[in-house]
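Where a number appears in this text, it was derived from the coordinates with a stated rule and is not lab data. Owing to the predicted nature of the structure, the values given are computational and were not obtained by experimental measurement. Here the Cβ is made from the backbone with ideal geometry for all residues, glycine too, and neighbour counts use every protein chain on show.
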Amino acid sequence: MMVVCYEHIAPMGLPRHGFFVDLGMNKELLSIISNLENVLSGDPWYGRAVYELLEEVHPAVAYIRPGDTEEDEGHSLTDLLYHMLTWAQFTLVAAQGKTEQEVREIEKLDWRVINPVEHTWEKGLKALKETHRELLATLGTKDDSLLEQTVPARNYNFRVLLNGLIQHNIYHIGQVAYVTKYLASE
């Protein structure tokens with residue numbers, strides 16, 4: 001068994017409380033945590049991190065829907081931000097062991113109607129960061145056995161969900177980068 005002090009291996013942004021983790025039982029989950037943190041605020045292989053790109057969005061353009069026609073409803077940057085937030089919240093409540101009903105309530109928020117007074121860019125970005133911070137802290141208390149557990153209200157396990165959240169963030173930050181560039185050229 002290999003035991004190390006957590007404060008020496010904790011990815012950026014995770015609390016470094018100095019408790020001990022058995023790496024023999026936690027290697028895969030720690031890798032997922034590290035990958036998520038890197039995508040959010042590190043130096044990911046594909047380019048710029050999620051938070052870096054989101055922090056550059058000017059709130060004045062955040063509600064513009066490029067390509068919005070009667071046939072094709074485009075998504076605004078704010079739509080994308082709150083969609084990313086929904087799936088981070090979904091993952092958090094699932095990892096916290098909430099009930100299937102509580103998980104489904106979060107899912108109902110997906111692609112919500114955006115009210116610019118209620119759903120500000122700043123509020124959404126803050127919530128996204130806080131949700132991911134809480135998710136990373138929650139995952140830091142778990143071990144690899146979580147990865148085999150079935151996600152409430154789903155027919156797949158946490159390995160699929162956590163890796164999917166990373167992929168989801170990368171996919172949508174690509175859209176954010178593209179739409180931001182498109183709006184700047186208008």
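Fewest first, what order do Lys181, Lys27 take by the number of other Cβ atoms within 10 Å?
The fewest-first ordering by Cβ neighbours comes to Lys181, Lys27.
Model label sites at Lys142 and Asn35, defined 7 Å from Cα along the beta-carbon direction, differ in position by 1.4 nm.
For Ile170, Ile33, what's the fewest-to-most ordering of other Cβ within 10 Å of each Cβ? Walk me through the numbers on the way to the answer.
Details: Ile170 14, Ile33 23.
Listed from fewest to most nearby Cβ atoms, that is Ile170, Ile33.
Taking a ≥ b ≥ c as the square roots of the eigenvalues of the Cα gyration tensor, segment 38-185 is classed as prolate, since a/c reaches at least 1.5 and a/b is larger than b/c. Rounded if a/c is under 1.5, else prolate if a/b is larger than b/c, else oblate: which is segment 109-153, with a ≥ b ≥ c the root eigenvalues of its Cα gyration tensor? Since a/c reaches 1.5 but b/c is at least a/b, the shape of segment 109-153 is classed as oblate. What pairs from Lys142/Lys181; Lys129/Lys181; Lys27/Lys108; Lys98/Lys181; Lys27/Lys181 go past 31 Å between their alpha carbons? Pairs exceeding 31 Å: Lys142/Lys181; Lys27/Lys108; Lys98/Lys181; Lys27/Lys181. Annotation for segment 156-186: chymotrypsin sites (Phe, Trp or Tyr not before Pro) lying in DSSP loop with at most 10 further Cβ atoms inside 10 Å of their Cβ are Tyr156. Applying both filters, DSSP loop and at most 13 other Cβ atoms within 10 Å, to the trypsin sites (Lys or Arg not before Pro) of segment 48-142 gives Arg48, Lys108.
By the beta-carbon count within 10 Å of each Cβ, the least crowded to most crowded order of Leu109, Leu139, fewest first, is Leu109, Leu139.
Using the Cβ-Cβ distance between Ser185 and Glu102 with R0 set to 41 Å, the FRET efficiency works out to roughly 0.45.
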